[in-house]
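What follows is a set of notes on a single structure, which appears directly below.
What follows is calculated from the coordinates using simple rules that are stated; it is not laboratory data. Because the structure is predicted, anything quoted here is derived from the model rather than measured. Backbone-built Cβ (ideal geometry, glycine too); neighbour counts: all protein chains shown.
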Amino acid sequence: MSSDKVLDAYLAAEEVYQDNDYIIKEGTSGDWVYLILEGKVKVKKMTPKGLVSIATLKEGDIFGEMVFL
């Protein structure tokens with residue numbers, strides 16, 4: 001079985017986000033693990049000095065509720 005078919009077997013839903021959309025917000029309850037199929041995702045954290053970018057994720061990276069892994 002190809003890796004594409006394996007991925008499709010476990011893919012619950014494919015979602016598309018526009019620039020500056022929030023996928024998940026810090027402090028909220030998460031129910032999903034996300035796999036970036038295309039594009040980039042900026043990870044930001046709220047600090048006393050404001051919102052700070054802490055990472056940029058790219059195609060193939062995974063993020064979200066890690067308890068599912």
Amide H contacts under 5 Å for Gly64, placed H, 5+ residues apart: Tyr34
For the range 21-29, Karplus couplings with θ = phi - 60° (6.51, -1.76, 1.60), whole Hz, Gly/Pro x: 6, 8, 8, 9, 10, 3, x, 8, 6
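Can you figure out the FRET efficiency of Lys44 with Ala12, using R₀ = 22 Å and their beta-carbon distance, to the nearest 0.05?
Working: r = 25 Å, r/R0 = 1.13.
It comes to 0.30.
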